[in-house]
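Heads up, the thing below is written out as structure tokens.
The values are calculated or read from the model by the stated rules, or taken from the named source; none is laboratory data. Only a predicted model underlies this, so the values are computations on that prediction, with no experimental measurement involved. As a convention, Cβ positions derive from the backbone with ideal geometry for all residues, glycine included, and neighbour counts pool all protein chains shown. These accessible areas exclude ligands, DNA and RNA; they are computed on the full protein's heavy atoms, side chains included. Shrake-Rupley method; radii C 1.70, N 1.55, O 1.52, S 1.80 Å.
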2 protein chains.
Amino acid sequence: MSGTQVKFQPRETIQQVEEGSDLAPKFDDRGLITVVTTDADSGELLMQGYMNAEALALTIQTGEAHYYSRSRKVLWHKGATSGFVQAVRELLVDDDQDCLWLRVDVAGGASCHVGYRSCFYRRVPVGEAYVEQQSEGQIDLEWTDTEKVFDPVDVYGDAPNPTLL
Amino acid sequence: MSGTQVKFQPRETIQQVEEGSDLAPKFDDRGLITVVTTDADSGELLMQGYMNAEALALTIQTGEAHYYSRSRKVLWHKGATSGFVQAVRELLVDDDQDCLWLRVDVAGGASCHVGYRSCFYRRVPVGEAYVEQQSEGQIDLEWTDTEKVFDPVDVYGDAPNPTLL
């Protein structure tokens, strides 16, 4: 690792944040910024996570996605356990700099701890016609992907499931 | 609007939330769930926002994206002011049901209050080679889109800018 440390700029004006070339991310009151991660080839949404300042600096420095795990409360080099490292092809920031978009190539092709390629493997049906047919407004999810890329037990063993109820 | 009200299920087990067909979204301590919105044709990330339970129910019932505006603290029918309504082509939910993915068709082609097609019009360069060249770790954003689809002053007039420093 280089000795150079990535620095973020203070947020001073709306013009600077929205229309300037300063990287001046807005970390929330937990010190986190929202991250959206898509497959650089297919455009598929793989996951949505968070970075703290350290994770963002490491992502920029190394070109590999680092996150902050809210459930485990640790810096998280994605793929360190599973091998499914995310190589950053492009990193973008939104207008008010409170969200990052990572376009990545995923080693091994999976991003979801449940074993699917993407965390988004279920569809919510929409529209008045659908809702009216349902008993008392109950919504039944539909599967868009039923094939797991890996078995979570093989990869994570008995590590605690990060899903919180 | 139909009299049928969309209902969400209580979150009872990890199995139910991750592998079941119940829609059991996790709203955070502010009553919000994160939403990622992409262009259904191009896969481009248009915006990242939030919904409360009412916004999610309305999105499901009407097939048009409704959000909760954190800066304005109101239910927000996207496009009500600008005309850039988002028709939901597909709505997906992630493994632990704390994030939604909206794939939309945008009337008028813009989603960003600054006037660009997408909120993500600037790239953050990554990689050790880039960082080492920079003076004291400063990062200079690069533009990926320089053409505004509309003039915000024409559309929003003197309404307060939603960006918070």
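Take every pair of alpha-carbon atoms less than 8 Å apart whose residues are at least six positions apart; their mean separation over the length of chain A yields a relative contact order of 19 percent. Normalised per residue, the accessible area of chain B is 43 Å², obtained with a 1.4 Å probe and no contribution from ligands, DNA or RNA.
Chains A and B together bury some 6400 Å² of accessible area, summed over both sides, with a 1.4 Å probe. Rounded to the nearest 5, what % of DSSP beta bridges with both residues in chain B are antiparallel? Close to 75 percent. Buried on complex formation within the range A:77-97 (loss of at least 10 square angstrom of accessible surface versus the isolated chain, 1.4 Å probe, ligands and nucleic acids ignored): A:Val88, A:Glu90, A:Leu91, A:Leu92, A:Val93, A:Asp94, A:Asp95, A:Asp96. Any chance you could check the Cα centroid distance between the range B:94-165 and the range B:8-22 for me, in angstrom? One Cα centre to the other: 34 Å. Kindly express, to the nearest 10 degrees and within the range 0 to 90, the angle between helix B:53-62's C-alpha long axis and the longest C-alpha principal axis of chain B. Computed tilt is about 80 degrees. Among the residues of A:40-50, the average count of other protein chain beta-carbon atoms within 10 Å of the residue beta-carbon is 4.
The heavy atoms of A:His113 offer some 40 square angstrom of accessible surface to a 1.4 angstrom probe. Partner shielding of A:11-24 amounts to 4, given as the average count of beta-carbon atoms from other chains within 10 Å of each residue beta-carbon.
Isolated cysteines in chain A, defined as those with no second cysteine Cβ under 4.7 Å, comprise A:Cys99.
Of the solvent-accessible surface of the range B:1-152, computed with a 1.4 Å probe and all protein chains present, 45% belongs to carbon and sulfur. Dividing the summed helix terms, -39500 (n - 2.57) for each DSSP H run of n ≥ 4, by the number of residues in the protein assembly as shown produces a 222 nm estimate of -4000 deg cm²/dmol to the nearest 500.
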